[in-house]
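**Q** Before I ask anything, let me first share the structure, which is written out below as structure tokens.
The values are calculated or read from the model by the stated rules, or taken from the named source; none is laboratory data. It should be emphasised that the depicted structure is a prediction, and the values quoted were computed from it without experimental measurement. Cβ placement follows ideal geometry from the backbone for every residue including glycine, while neighbour counts extend to all protein chains displayed.
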Amino acid sequence: MFTYTLRRLFFAIPTLLVISFVIFALLDLAPSDPTGDLPLTIPPEVREQIRASLGLDQPFLIRYLKWLQQFFINEPLNILESLTGWQFGDGERMRILSWATRSPVVDLIVQRMPQTLWVVGLAYLFGILLAVPIGVISAYKQYSIFDQIGTFVSMVGYSVPTFFTGVLLIVIFSSYLQWFPSVYDTNLVVNDFSSLMAQIRQMAMPVAVLALYNASQITRFVRASMLDNLHQDYVRTARAKGVKEKAVLLVHVLRNSLIPVVTVIALGVPTIFSGAIITEQIFRVNGLGQLLIVAVQGADIPLVQTLTFIFAVLIVLFNLIADVLYGILDPRIRYD
Amino acid sequence: MTDVTINAAPASPARSAMGDMWRQFRAHKGGVVGLVVFTFIVVAVYVGPFIHTVAPNAINIRDKNQWPSLAHPFGTDNLGKDMLAQVLAGGRISLAVGITAMLLALFLGTLVGVLSGYIRRLDGPLMRVTDLFLALPLLPLLLVIIMLFRDTLRAAFGPETGIFILIVFVIGITSWMHTARIVRGDVLAVKSQEFIVAAKSSGMREYRIIIRHILPNVMSSIMVSATLGIASAIITESALSFLGLGFPSDFPTWGRLLFDGANFLQLTPSRVLWPGLAISLTVLSVNYMGDAIRDALDPRTLKR
Amino acid sequence: MKKFKILLAGTVACMALSSSMAYAERGTDGDLKILFWQAVSTMNPYLSGGTKEVFASSMVIEPLARYDETGELVPWLVTELPTLENGGFSEDMLSLTWKLKPDLKWSDGTDFTAEDVVFTWKYCTDPNGGCAQAAQYEGITNVEAVDPLTVKITFSEAKPYPYSAFVGAQSPVIQAAQFKDCLGAAAPGCTSANFGPIGTGPFVVKDFKPNDVITFEANPNYRDPAKPAFASATLKGGGDAASAARAVLETGEYDYAWNAQVEPEVLAAMMAAGKGRLEISFGTQVERINLNHFNADPALGDKRSTAEAGPHPSLSDPAVRRALSLAIDRDIIVEAGYGQSGRPTCNIVPAPETVASTKNDSWCLTQDIEAANKLLDEAGWERGSDGIREKDGVRLSYLYATSTNSVRQATQELVKAMWAEIGVDAELRNASASVFFGGDPASPDTFQKFYADVEMYTNNFDGTDPEKYLAEWLCDKMPSPANGWQGQNIPRYCNPEYDALVGELSRTADLEKRAELSKQLNDMLTEEGAHIALVHRGDQSSFANSLQGVRMNSWDSQVWNIADWYRAK
């Protein structure tokens, strides 16, 4: 398993290079333009100058190689410098600059991390924590009232989109009841009890919307997979041997049911980084999801490229983690 | 046990196997209810327009934002279009898009998942392709696909069918990766079990092993993916039209109706109630049918 | 203390009555909460020409003169407006001299001088800078500081209307000291200057989170010691128009939300909460349908919508163009999509009043299906079996494109229904705004390429003088592959008479004569059906009821007089 992991990590490098090239080519091919959302009163000649000042007049390959250099050499060196205080060269390195804001892309990402982790990350965590017990109980008591309600809620939760649930919650809890603010304040600093309460209040609605959605999806997989295993021979054997029902359920069945669940969660964790575009828009959380969508709409290629590439790294990494976990959960799975 | 199945299958007529499955399906109460509801929805959206003959995109600005009445059982929207007619018309498109796109994604996902889980040589390359597709930014991808293929398809199939093919293709091609990863994980677990080894050593052909033994054992994950897939295909379609990449704006779909209605939540709640309910009911009924189908296909439940 | 507050409240109420704020104090009204549903990406309007960036930066940096809510130019950082009468504008129309107000200070306490104005010109005209407002400085050969309080602008040729550079929110003056190392290619790298420019305006940037939130503080060195009334301001970005309006009108969390482009009945429902109001002002924005004068048949491939494709088979018929306009009920479009923030119009130059024509209102503003049908019948367009008119195998069936936006899609559906009444069919299409207005030559969906028979969008002109705008319909400004689709004559209208008249306008200095010519040009476009003007669009924003002193302005930044805003107690 160890050599397998090493080999996979080694192969990840060419894979990621290919992915980064494909993304760059795709972004270059896409028909949106960084001057697209400027007022029409700005004449075409000026637009042409703006494009030139962004470096859009250079050939595609040059732009891609520049980005590679900036991402893999310049930015890591900068981070190293700021961490250690050492100085490499003259410190005058071209950083990846966003076209819309003209500021370093890495700074933007760092700025957006807190709210994304608070809201999207927490919602994912809650989703998992809710989904696993609900899924286990639903499967164990198949077709009970609990199962039926669980199925209904999760199916409705998954099929009603967040652009609707978000507005519904705002109308109920912000307009009528006035319990929660409808706008997320990213400047809020949590340093005492009252600011913590304010943070919880402003997180309540977006976290609820996202957690419902995540939990709905994961519950279905837990339940289905548990059901598969509950009827297996080994369960009957274990019961016949007199193993306690709780142990049968949680040790034998759950462990064997976790493979699809691990897959779904491993697919989901990287999406925390890409943020929740619609939910972030509705509640104005302005995390990484909003950063990405604004960048895509404004054809801010350096920003989109960097965000998407970091996302790709996480995907490759977490899929590798999932593969390793398969082997631990089910020792019969071998890759060598 | 496996040998029996192999030998029995060619001998007994296919009809009785189907009959067995149907009996199993009928025994599943939820499945029957799901089938009834689903049939009702399908019949309603196809036959409904002959009973409720108001044209879905007939504008009557003087009757805008009405609550339900006899003339407009679901009320009207802000241009005075009849909501019932729109929900019915939207259903035809949404169901077609949802089911076809889901099937396409399911087919691709299962194919990739089974191949990479079962054949070790293919595992690496196929999973790296999956990683690539997972990482691609959706929106620019859609813009590129639309730019490259819309006019060609429009010329070949006309504006409506052309867009339909494009949308189904776009949703299918961008949503198979989850199924692929999940199926692969299941296949990896299943293929190391004894009965597969037994089937292999009995000289059974690989593709028959996959169809006879692997697929039924990963069916439950596929079914869950299918139900969730319909819901997300219907919603994704609405996101596409919101971005200007979907059907023309005078083609109602459930997702679009829900999106357009969200701001009118307080004014005319029926505008969001019915499309939302329609999507949820469809997904619920497909979910229960999926449960029943899985039970019917499950060899272990058959034995009981 | 409490007594004092009550006293203060009483004073404010009195002052509101007498509409004078002279006795207020700086920073007594707390925090001003502003919501922009499109987030602000930079505070330097020269690097991003977006409306949101221009508005946000106008709280900090200011031009020499700006437009008030009636479209009148008012001196802002200068003592008076240079005109021919007072000699500030030379007789030969080749130079303009601005006299700066004495004792003006930047927010860092240093003096505001003519050198800063000269620097601003250099900054924006640097060939490597990609300045988004370069058009404002067009035709200027030199800007010089005659003395610390006098700036002289020299033009390359006589400029009958000289107020463009350093006028309006698009060309504010930036501080030379702060930006001196940011000229040309170095401009984007000056992140801290671009995010927190030093200005002369009522507020200074305290913290800037790009595309998210900006925090401002009152400028301690602002020229009026009593202003601004607010100690700080927070400008939050993101979300959508409807929820932004809701945060002001219904939940009352914010004081001011920019651009409430939401269906009128939804706004009315929000207003029922009684927390806020809408303010509307009208500038020069007109929603129009461009009629393609060239053939846009997809079978023509890359020749579509170019001179090579030849004239449009049906839209080149003046009767068809006139009938399409007659069939439209503009009142219904306004009622459904715009409410108070739109007015039916037939003019491409709808304002200011001096240049707005009324000549064609009589036939064009009212829907006349009968007349339209008659016109088409006479022109030989007969209804086919499906009710769609045709002549010699040419059907009146149009591809109707626009950008994605719920109001536009509703308008598309309404127009389609109206055209159906005169036997004209339409296939609706919409493209994401970033593509439609993006101008990527590789995309078939840009409005410049116009691979459709008709297309709809809004355009306007800066300031109050329409000369440059009217020159967009010149024959040689047609977009074509030869110029990379970069022309502004989108409908491909061409009329030598029109070209000659535009030439005459550019040589005329007399204001009345200029207005007369502008009207003539506008009428020509309407009568010949270069396009169908639909709605004169206003700007509509929501404000909390407690926020007073707002003078909604479409000619300049909406926050142009934010120094005068205050909270009613």
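**Q** For residues that are over 30 Å from B:LEU273 (Cα atoms) and buried (at least 23 other Cβ atoms within 10 Å of the Cβ), tally how many sit in the stretch A:159-206.
**A** 0
**Q** Considering only helices (runs of 4 or more DSSP H) fully contained in the stretch A:29-114, which possess at least 2 residues that are facing chain C (nearest Cβ under 8 Å) and in contact with a Gly (Cβ under 8 Å, 6 or more places away or on another chain)? Give the steps one after another, and end with the answer.
**A** On the way: elements: A:44-53, A:60-69, A:75-84.
Those helices (runs of 4 or more DSSP H) span A:44-53.
**Q** Among the residues of the stretch B:146-167, is any within 10 Å of chain A (Cβ to nearest Cβ), touching a residue at least 60 places away in the same chain (Cβ under 8 Å) and crowded, with 22+ Cβ neighbours inside 10 Å? Explain how you work it out, then say what you get.
**A** Here is the first cut: in the stretch B:146-167, the ones within 10 Å of chain A (Cβ to nearest Cβ) are B:146-148.
From what's left, touching a residue at least 60 places away in the same chain (Cβ under 8 Å): B:146.
When the remaining residues are screened for being crowded, with 22+ Cβ neighbours inside 10 Å, the result is B:146.
The answer is yes, given that some residue of the stretch B:146-167 is within 10 Å of chain A (Cβ to nearest Cβ), touching a residue at least 60 places away in the same chain (Cβ under 8 Å) and crowded, with 22+ Cβ neighbours inside 10 Å.
**Q** Could you tell me which of the residues C:THR402, C:THR411, C:THR446, C:THR345 is of a type in the set (Ser, Thr, Tyr) and farther than 30 Å from C:ALA269 by Cβ?
**A** C:THR446
**Q** Quick one: in the stretch A:283-336, which of the residues that are of a type in the set (D, E, K, R) and facing chain B (nearest Cβ under 9 Å) is nearest to C:LYS209 (Cα to Cα)?
**A** Taking the stretch A:283-336 first, the residues of a type in the set (D, E, K, R) are A:284, A:300, A:323, A:330, A:332, A:334, A:336.
Still in the list and also facing chain B (nearest Cβ under 9 Å): A:323, A:330, A:332, A:334.
On the way: A:ASP323: 39, A:ASP330: 47, A:ARG332: 51, A:ARG334: 49 Å.
That would be A:ASP323.
**Q** Given (1) more than 30 Å from B:PHE264 (Cβ to Cβ); (2) among the acidic types (Asp, Glu); (3) touching a Gly at 6+ places or on another chain (Cβ under 9 Å), where does C:ASP224 come up short, assuming only one miss?
**A** (3)
**Q** Considering only the stretch A:174-191, state which residues are more than 7 Å from chain C (Cβ to nearest Cβ) and either within 22 Å of C:THR215 (Cα to Cα) or not in a loop (DSSP other than H, G, I, E, B) (or both).
**A** Selection gives A:TYR176, A:TYR184, A:ASP185, A:LEU188, A:VAL189, A:VAL190, A:ASN191.
**Q** Only one of (1) in contact with a Ser or Thr (Cβ under 7 Å, 6 or more places away or on another chain); (2) more than 14 Å from every other protein chain (Cβ to nearest Cβ); (3) within 21 Å of C:LEU291 (Cβ to Cβ) is not met by C:SER480, so which one is it?
**A** Evaluating C:SER480 over (1) in contact with a Ser or Thr (Cβ under 7 Å, 6 or more places away or on another chain); (2) more than 14 Å from every other protein chain (Cβ to nearest Cβ); (3) within 21 Å of C:LEU291 (Cβ to Cβ) leaves (2) as the failure.
**Q** Turning to a different aspect of this structure: Keeping to the stretch A:212-260, report how many residues are among the aromatic types (Phe, Trp, Tyr), over 30 Å from A:PRO161 (Cα atoms) and in contact (Cβ under 8 Å) with a residue 60 or more places away in the chain. Outline the logic, then answer.
**A** Residues of the stretch A:212-260 that are among the aromatic types (Phe, Trp, Tyr), as a first pass: A:213, A:221, A:234.
Then drop every residue that is not over 30 Å from A:PRO161 (Cα atoms), which leaves A:234.
Retained after the next criterion (residues that are in contact (Cβ under 8 Å) with a residue 60 or more places away in the chain): none.
Here the count works out to 0.
**Q** Could you check the stretch C:519-546 and list, in sequence order, the residues that are closer than 21 Å to C:SER57 by Cβ and not hydroxyl-bearing (Ser, Thr, Tyr)? So that I can check it myself, show each step before the final result.
**A** Our first condition is that a residue be closer than 21 Å to C:SER57 by Cβ; within the stretch C:519-546, this holds for C:539, C:541, C:543.
Residues satisfying the conditions are C:ASP539, C:PHE543.
**Q** With C:TRP98, C:TRP121 as the choices, which residue is within 23 Å of C:ASN561 (Cβ to Cβ) and either away from chain A (no Cβ under 14 Å) or under 28 Å from the mean Cα position of the chain (by Cα) (or both)?
**A** On the way: C:TRP121 fails: within 23 Å of C:ASN561 (Cβ to Cβ).
Exactly one of C:TRP98, C:TRP121 is within 23 Å of C:ASN561 (Cβ to Cβ) and either away from chain A (no Cβ under 14 Å) or under 28 Å from the mean Cα position of the chain (by Cα) (or both), namely C:TRP98.
**Q** I would also like to ask the following. For the subset of the stretch C:406-418 comprising residues that are in contact with a helix residue (DSSP H, G or I) (Cβ under 7 Å, 6 or more places away or on another chain) and more than 7 Å from every other protein chain (Cβ to nearest Cβ), which member is surrounded by the fewest Cβ atoms within 10 Å (Cβ to Cβ)? Spell out the reasoning first.
**A** Step one: filter the stretch C:406-418 for residues in contact with a helix residue (DSSP H, G or I) (Cβ under 7 Å, 6 or more places away or on another chain), giving C:406-407, C:410-411, C:414.
If we keep only those that are more than 7 Å from every other protein chain (Cβ to nearest Cβ) as well, we get C:407, C:411.
Values: C:VAL407: 19, C:THR411: 26.
Going through the qualifying residues, I end up with C:VAL407.
**Q** Does C:THR191 meet the test of being within 22 Å of A:LEU97 (Cα to Cα) and either β-branched (Val, Ile, Thr) or touching an Asp or Glu at 6+ places or on another chain (Cβ under 6 Å) (or both)?
**A** Yes: the conditions hold for C:THR191.
**Q** A further question on this structure: Looking at (1) crowded, with 18+ Cβ neighbours inside 10 Å; (2) modelled with pLDDT under 90, find the lone condition where C:ALA185 falls short.
**A** Only one criterion is unmet by C:ALA185, namely (1).
**Q** For a quick check of your reading of the model, give me the residue pairs whose first member lies in the stretch C:277-306 and is without any contact (Cβ under 8 Å) to a residue 24 or more places away in the chain, whose second is hydroxyl-bearing (Ser, Thr, Tyr), with beta-carbon atoms closer than 8 Å and at least 6 apart or on different chains.
**A** Short answer, once both residue conditions are applied: C:ASN295/C:SER305.
**Q** Turning to a different aspect of this structure: What do you reckon, is A:ARG236 surrounded by 19 or more Cβ atoms within 10 Å (Cβ to Cβ), of a type in the set (D, E, K, R) and within 14 Å of chain B (Cβ to nearest Cβ)? Quick ask: steps written out before the conclusion?
**A** Values: surrounded by 19 or more Cβ atoms within 10 Å (Cβ to Cβ): no; of a type in the set (D, E, K, R): yes; within 14 Å of chain B (Cβ to nearest Cβ): yes.
For A:ARG236, the condition - surrounded by 19 or more Cβ atoms within 10 Å (Cβ to Cβ), of a type in the set (D, E, K, R) and within 14 Å of chain B (Cβ to nearest Cβ) - is not met.
**Q** Same structure again: If you take the residues in the stretch A:213-263 that are in a loop (DSSP other than H, G, I, E, B) and either closer than 23 Å to A:GLN148 by Cβ or of a type in the set (D, E, K, R) (or both), which one is nearest to the chain's Cα centre (by Cα)? Outline the logic, then answer.
**A** Of the residues in the stretch A:213-263, the ones in a loop (DSSP other than H, G, I, E, B) are A:231-232, A:241-244.
Adding the requirement that they be either closer than 23 Å to A:GLN148 by Cβ or of a type in the set (D, E, K, R) (or both) leaves A:231, A:241, A:244.
Working: A:HIS231: 35, A:LYS241: 44, A:LYS244: 39 Å.
Here the answer is A:HIS231.
**Q** Those residues that are assigned to a loop (DSSP other than H, G, I, E, B) and free of Cβ contacts under 8 Å to residues at least 24 places away in the same chain, I need them from the stretch B:217-274; list them, please. Break it down stepwise before answering.
**A** Residues of the stretch B:217-274 assigned to a loop (DSSP other than H, G, I, E, B): B:243-253, B:265-269.
B:GLY244, B:SER249, B:LEU265, B:GLN266, B:PRO269, listed by residue number.
**Q** From the list A:ALA299, A:ALA266, exactly one residue is in a helix (DSSP H, G or I) and not polar (S, T, N, Q). Which is it?
**A** On the way: A:ALA299 fails: in a helix (DSSP H, G or I).
Selected residue: A:ALA266, the only one of A:ALA299, A:ALA266 that is in a helix (DSSP H, G or I) and not polar (S, T, N, Q).
**Q** If you don't mind, there's one more thing I want to ask. Provide a single number: the residues in the stretch C:149-189 that are farther than 17 Å from C:TRP76 by Cα and part of a loop (DSSP other than H, G, I, E, B).
**A** Total satisfying the criteria: 10.
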